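The block underneath contains the structure these notes are about, expressed in structure tokens.
Throughout, read-outs are computed from the coordinates displayed, never taken from laboratory work. Keep in mind that what you see is a predicted model, and the values were worked out from it rather than measured. Cβ coordinates were reconstructed from backbone atoms using ideal geometry, including for glycine residues, and neighbour counts include every protein chain displayed.
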Amino acid sequence: MIRFEHVTKQYPDGTTAVDDLSFEVAEGELVTLVGPSGCGKTTTMKMVNRLIEPSSGRIFLDGADISDIDPVQLRRRIGYVIQQVGLFPHKTVLENTATVPHLLGWQRRKGRERAAELLDLVGLDPKTYGDRYPEQLSGGQRQRVGVARALAADPPVLLMDEPFGAVDPVVREHLQNEFLRLQSQVNKTVLFVTHDLEEAVRLGDRIAVYGHGRIEQFDAPTAVLGAPATAYVADFVGADRGLKRLSVTPVEEGDLDQPPVVHLDDRLPRELGSRWAVVLDGEDNLHGWISAEQARKPGSVREHARRMEAWLPVGASLKQAFATMLQHDAGWIAVIDKEETGRFLGVLTPARLHEALRRSIDADAQDIPRTAVALETIETVKSATTSTKR
Ligand SMILES: Nc1ncnc2c1ncn2[C@@H]1O[C@H](COP(=O)(O)OP(=O)(O)OP(=O)(O)O)[C@@H](O)[C@H]1O
């Protein structure tokens, strides 16, 4: 969808901001450009909508050389979101959102309807917020209007330059999650500039890690964190990349242990064969757990079962799993198939979590699926753990 071919940008003062850059972004792909300040990310992005012209090389949009497209026509096909949102202060939220449809000559009513639809999509009720002015919104809400405005004319491509850079970390994470949800619905081809590696890793299908004017690595987040291509990338992703990796590695069914299971309507089994068992309802949905001590009492499972507090759906990140363990001070957490139905799949323990992380690193290094990682690696981890315990 977007293709750079040997693109160089040298500013008149001799600064080479971008040096012989070649890469391609597929349709519907979200690529994050990450790197330290001044490494050429913004220059790269602004060349796509011709706010900056390259010194040499060519850029293609959907197969067409953009230097042959009128810049105004070009920009109508490309949504643009920047940090200082740039909303018009004297226009309402609805009018701001309808800016591009208005420029495109849409009928006023159609433009406003589309704007209301988009506000709804970014989580702002048009009835509540549509008639407000930008100064009557929080920073996070203004950013959402910025995203809604960029999407209003349904452009196939979105350029986002540090769009969530000016809001506090909590709001920022919220906006990132919302944006991911939105992207799964609208499927735009997105170039997203950030200097925050965590953000790049969370959002990107692939990440371009910038050195000075050059891309040092262009890869999936797990690969960048697990197998940095150069010493520069290793240094940039940092010594805590194992921790960062937790947030991009999902819990998979193969990671789980299968403890003893009892059902709510069972009689208490007396011996569980374990220190605890998971309790399921008649439809094999997760209910709670029971300790070996309680299982020896008379009566039914239902009378003694405790409700489960620490659980997660499969596919949640290992980071979320670890946070849930810490939050509930739990030695294991239950994993279910999805939030709504709650069918029990197994449990994740700290040792299993560590194995999952190790396995995902090896899988990336060897370019094979996680389930295919040789078991010796896992056994090594296990025996090392056992020997420390002794
Ligand atoms: N108009 C200009 N004239 C001269 N040099 C410029 C101009 N604009 C940018 N530069 C230089 O080009 C280099 C790349 O700048 P660019 O804004 O693309 O970096 P960036 O990676 O987006 O940085 P940041 O994260 O700080 O926004 C920097 O050294 C910058 O000083």
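This ranking places Ser360, Ser55, Ser184, Ser247 by how few other beta-carbon atoms lie within 10 Å of each, fewest first, which gives Ser184, Ser55, Ser247, Ser360.
Near the amide H of Thr8, within less than 5 Å, lie the amide hydrogens of Asp20, Leu21, Ser55, Ser56, Gly57, all on another chain or at least 5 residues away, with H placed in the peptide plane. For the chain, the longest principal axis of the alpha carbon atoms and the long axis of helix 375-389 meet at an angle near 60°. Each Lys or Arg adds one and each Asp or Glu takes one away; over the other residues whose Cβ falls under 11 Å from the Cβ of Val145, this sums to +4. Taking amide H as placed 1.01 Å from N in the peptide plane, the amide H of Trp332 sits under 5 Å from none that are at least 5 places away or on another chain. Beyond 30 Å in Cα-Cα separation lie the following of the pairs Lys188/Lys338; Lys91/Lys319; Lys127/Lys244; Lys244/Lys338; Lys41/Lys244; Lys127/Lys188: Lys91/Lys319; Lys127/Lys244.
Taking Cα atoms, how many degrees apart are the long axis of helix 350-366 and the longest axis of the chain, rounded to 10 and kept between 0 and 90? Compared with the principal axis, the helix lies near 50 degrees. A straight line joining the Cα centroids of region 121-164 and region 228-284 runs 38 Å.
The Cα center of region 192-227 and the Cα center of region 339-368 differ in position by 23 Å. Our summary gives the chain a relative contact order of 14 percent, counting only alpha carbon pairs under 8 angstrom and 6 or more residues apart.
Can you give the local net charge around Gln294? Use residues other than it whose beta-carbon is closer than 10 angstrom to its beta-carbon, Lys and Arg +1, Asp and Glu -1. Can you show the working numbers first?
Working: positive: Arg296, Lys297, Arg306; negative: Glu293, Glu303.
Its environment carries a net charge of +1.
Each residue of region 228-242 was assigned a 3J(HN,Hα) from its phi angle through the Karplus expression (A = 6.51, B = -1.76, C = 1.60, θ = phi - 60°), giving x, 6, 9, 4, 4, 5, 4, 5, 5, 6, x, 5, 8, 5, x Hz with x at Gly and Pro.
Amide H contacts of Met160: Val81, Leu191, Phe192, Val193, each under 5 Å away and 5 or more positions distant or on a separate chain (H built 1.01 Å from N in the peptide plane; Pro and chain starts excluded).
Comparing Val373, Val157, Val48 in a Gaussian network model of the chain (Cα springs below 10 Å), the most mobile by mean-square fluctuation is Val373.
The residues neighbouring His328, those whose beta-carbon lies less than 13 Å from its own, together hold a net charge of 0 under the Lys/Arg +1, Asp/Glu -1 convention.
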